[in-house]
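First up is the structure itself, then whatever we jot down about it.
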Amino acid sequence: MPETLSAPLVVEFPFTRSLGPVQSAFLTGLRERTVLGVSTAGGKVLVPPVEYDPVTAEELRELTEVAATGTVTTWAWNPAPRPAQPLATPFAWVLVRLDGADTALLHALDAPGPDAVHSGMRVRIRWAAERTGAITDIACFEPYDGGDTGQSAPHDGEFTDPVTGIVTPARLDYRYTPGRAQSAYLDALSRQHIVGERCPSCHKVYVPPRGACPTCGVATTEQVEVGPRGTVTTFCIVNIKAKNLDIEVPYVYAHIALDGADLALHARIGGIPYDQVRMGLRVEPVWTEGGRHPDHYRPTGEPDADYDAYKELL
Amino acid sequence: MRDVAIVAFAQTDHLRQTDELSEVEILMPVLHQVLDATGLRASDIGFTCSGSSDYLAGRAFSFTMALDGVGANPPISESHVEMDGAWALYEAWVKIQTGQADTALVYSYGKSSPGEVRDVLTRQLDPYYVGPLWPDSVALAALQAQALIDAGDTDETALAAIAHRSRVAAADNPHAQLKGAVPAGDYVVRPLRTGDCPPVGDGAAAVILAAGDTARALCPRPAWIRGIDHRIEAHSLGVRELTDSPSTRLAATRAGAFERPVDTAELHAPFTSQEVVLRKALRLDDSVDVNPSGGALAANPVMAAGLIRLGEAAARIHRGESDRALAHATSGPCLQQNMVAVLEGESAHA
């Protein structure tokens, strides 16, 4: 049993999103240091604004400007900020009802310590020096002495050069562990062996093994060495060059039934002109120096396999 | 409406880390346990539904790998929810109600150990106004806890008592991750301390549902689902009244929870403060045994913890320890979405 494998796995995505009229006005407003809410038919002002009334589901379009000062409705002291959070030093998460608004906005409050924070305290927006039309244009809130102005006034939501979309970058860091079956497979590959696992019930050999037989729903346990030679069961000719892939097109991608396996795996075929690859072609893996898996498969020179020998693996 | 019951339930031991096991390897033992308990083979199951999240695994379509464990080939009738397995159970219950299946296998799993679950869960938040600030799951729960303290609904001592009661109860739960006296610890995000927060862990659960006489044939004392309903609140935290859970109350009303008292309640409250909200919304008093399993404070495999509440409540009925139990599942920050089911055993007072 090889040691449990693990490797860093990073998932990173810059989600590009378009904005509706209300979100566009709100985020453009932040860029211009103007906070907009939206008024409901019931006379409430929602900040941050939404396009549909959370109670009646009615469409909301009537924008209202509110103050950049407000009152903390609840808070939570964060002694150890996490990497992408608004402040790098300990801060309070706060829900703030801005003067003139009826609902609260979530953000960070810069305060010296938890004793300096309480529900009901007065705060004001600290604007970010560089603003792009995003919620982070509010750098954070800071303590403020003035009273509640209740300030709100209709606003047409018109700005020059409105923000119509945002990009919200995200990155999550994982440590991937492939589990018992795949660890054994990867461990064998590092020694240039290919192993599958046999189902104790239907006796099929799965490669690569994932630990379970998808037909019987039981754990595959018995390790079986397969190949190295195999048979092309089916293939396609790739004519589009993949980004960052250093392989000349056209090339052939094939399903290969390794000898002793009951499932075909897929790999690139090399060492033969693309238009001469055929079903039944006998192939063997080609390992490159230091490679963790076969680079490609090439013809062995044996006679083609009989169709009946692999038809069940198509 | 058809009579539908939970006839079998199994869960893994919940562990902080399961590096040596893939998702399907975690899952298979519990799938086999519920099948063995009912004598059903995978091919006998009318409908299979699962719950999990790609964001925990960090991989797209991660549930398809786990599907190998149920014997999905030749093709079966199958579905998946990117939610807690409690919602997969709801879908399976609907499927049985439509008459398209008499039995269903429901399973869910969560491996939180590969990532930082506090950060991972931020990706379910509103991506325009909230997600870019990365407020983690503990921070959002802490805002709710402070609102409860300000409202006079609880205090830090009472929250610590909830943690203590849950983990002492979990001492009898062989699957629990955190059990016995656990120190309150330091603040994670004030007012929540380590003791107020659930353990981070990996685990899986499986349930079999069956209708009518099939259920009676499979289980000596089926846990009949007398009512089940789920509701959602406004997604913006600042719009919601954080000290209450109207969606839980409405779901409970529709599920018939208030028609007669329950003796047991399995509440999906990963944070101590959330139990305060749920007890209020569900009008639970001290006559009700709340979270005898230890609840999500004792084991919180994300995406399975809600299904486990349904399973634990059903298992108490199976064992004759409860006649009428309430099971609750939640999803989203600060109890955003809530499901309530009422489960009953037959010949309750015979």
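Which residues, counting only those in region A:155-206, are within 12 Å of chain B (Cβ to nearest Cβ), of a type in the set (A, V, I, L, M, F, W, C) and without any contact (Cβ under 8 Å) to a residue 60 or more places away in the chain?
Selection gives A:181, A:199, A:202.
I'd like the full set of residues that are surrounded by fewer than 19 Cβ atoms within 10 Å (Cβ to Cβ) and either within 25 Å of residue B:298 (Cα to Cα) or touching a strand residue (DSSP E or B) at 6+ places or on another chain (Cβ under 9 Å) (or both), limited to region B:201-217. Step through it out loud before you land on a result.
So the first thing to find is which residues in region B:201-217 are surrounded by fewer than 19 Cβ atoms within 10 Å (Cβ to Cβ), and the list is B:212-213, B:216-217.
Scanning region B:201-217 gives B:212, B:216, B:217.
Would you please list the contacts, defined by Cβ atoms under 7 Å and residues six or more apart or on different chains, that run from a residue in region A:102-115 that is farther than 21 Å from residue B:234 by Cα to a residue that is outside any strand (DSSP E or B) and of a type in the set (Val, Ile, Thr)?
Listed pairs, sorted by first residue: A:109/A:117; A:111/A:117.
Is there any pair with a first residue in region B:17-42 that is under 14 Å from residue A:176 (Cβ atoms) and within 8 Å of chain A (Cβ to nearest Cβ) and a second that is aromatic (Phe, Trp, Tyr) and surrounded by 17 or more Cβ atoms within 10 Å (Cβ to Cβ) whose Cβ atoms are under 6 Å apart and which are 6 or more apart or on different chains, and what are they?
B:23/B:109
How many residues are in contact with a helix residue (DSSP H, G or I) (Cβ under 6 Å, 6 or more places away or on another chain) and either free of Cβ contacts under 8 Å to residues at least 12 places away in the same chain or within 12 Å of chain A (Cβ to nearest Cβ) (or both) if we restrict to region B:71-84?
Number of matching residues: 1.
Working carefully through the options A:209, A:214, find the one that is more than 16 Å from residue A:259 (Cα to Cα), within 14 Å of another protein chain (Cβ to nearest Cβ), in contact with a helix residue (DSSP H, G or I) (Cβ under 7 Å, 6 or more places away or on another chain) and buried (at least 17 other Cβ atoms within 10 Å of the Cβ). Break it down into steps so the answer makes sense when it comes.
Numbers: A:209 fails: more than 16 Å from residue A:259 (Cα to Cα).
A:214 is the lone residue from the list that is more than 16 Å from residue A:259 (Cα to Cα), within 14 Å of another protein chain (Cβ to nearest Cβ), in contact with a helix residue (DSSP H, G or I) (Cβ under 7 Å, 6 or more places away or on another chain) and buried (at least 17 other Cβ atoms within 10 Å of the Cβ).
Return the residue satisfying two criteria in turn: it lies in region A:53-70 and is at pLDDT below 95 and surrounded by 14 or more Cβ atoms within 10 Å (Cβ to Cβ), and of such residues it is nearest to the other protein chains (Cβ to nearest Cβ).
Top of the filtered list is A:54.
Restricting attention to region A:261-314, which residues are of a type in the set (Ser, Thr, Tyr) and without any contact (Cβ under 8 Å) to a residue 60 or more places away in the chain?
Listed by number, the residues that qualify are A:274, A:288, A:307.
Take residues that are touching a helix residue (DSSP H, G or I) at 6+ places or on another chain (Cβ under 8 Å) and away from every other protein chain (no Cβ under 12 Å) and tell me which of the strands (runs of 3 or more DSSP E) falling wholly in region A:95-147 contain 1 or more.
On the way: elements: A:105-109, A:122-127, A:138-143.
The qualifying strands (runs of 3 or more DSSP E) are A:122-127, A:138-143.
List pairs: first in region A:117-128 and at pLDDT below 95, second crowded, with 18+ Cβ neighbours inside 10 Å, Cβ under 6 Å, 6+ apart or cross-chain?
none
Does residue A:25 meet the test of being within 14 Å of chain B (Cβ to nearest Cβ) and in contact with a strand residue (DSSP E or B) (Cβ under 8 Å, 6 or more places away or on another chain)?
Yes, satisfied.
I'm trying to understand the selection: among the residues of region B:228-271, which are among the hydroxyl-bearing types (Ser, Thr, Tyr), away from every other protein chain (no Cβ under 14 Å) and buried (at least 22 other Cβ atoms within 10 Å of the Cβ)? Steps first, answer last, please.
Here is the first cut: in region B:228-271, the ones among the hydroxyl-bearing types (Ser, Thr, Tyr) are B:236, B:243, B:245, B:247-248, B:253, B:264.
After this cut, where a residue has to be away from every other protein chain (no Cβ under 14 Å) as well, the list is B:245, B:248, B:253, B:264.
Of everything in region B:228-271, those that are among the hydroxyl-bearing types (Ser, Thr, Tyr), away from every other protein chain (no Cβ under 14 Å) and buried (at least 22 other Cβ atoms within 10 Å of the Cβ) turn out to be B:245, B:248, B:264.
For region A:216-258, enumerate the residues that are touching a Ser or Thr at 6+ places or on another chain (Cβ under 8 Å) and either more than 30 Å from residue B:27 (Cα to Cα) or at pLDDT below 95 (or both).
Restricting attention to region A:216-258, the residues satisfying the condition of being touching a Ser or Thr at 6+ places or on another chain (Cβ under 8 Å) are A:216, A:218, A:229, A:254-257.
A:216, A:218, A:229, A:254, listed by residue number.
Can you pull out the helices (runs of 4 or more DSSP H) entirely within region B:101-184 that have at least 1 residues that are surrounded by fewer than 22 Cβ atoms within 10 Å (Cβ to Cβ) and away from chain A (no Cβ under 11 Å)?
B:156-169
Could you say which residue among B:281, B:341, B:298, B:329 is farther than 21 Å from residue B:168 by Cα, touching a Lys or Arg at 6+ places or on another chain (Cβ under 7 Å) and surrounded by 24 or more Cβ atoms within 10 Å (Cβ to Cβ)? Quick ask: steps written out before the conclusion?
Details: B:281 fails: surrounded by 24 or more Cβ atoms within 10 Å (Cβ to Cβ); B:341 fails: touching a Lys or Arg at 6+ places or on another chain (Cβ under 7 Å); B:298 fails: farther than 21 Å from residue B:168 by Cα.
The unique qualifying residue is B:329.
The values are calculated or read from the model by the stated rules, or taken from the named source; none is laboratory data. Just so it is clear, the structure is predicted and the values come from calculations on it, not from any experiment. Because the Cβ atoms are built from the backbone with ideal geometry, glycine has one as well, and the counts that use them run over all protein chains shown.
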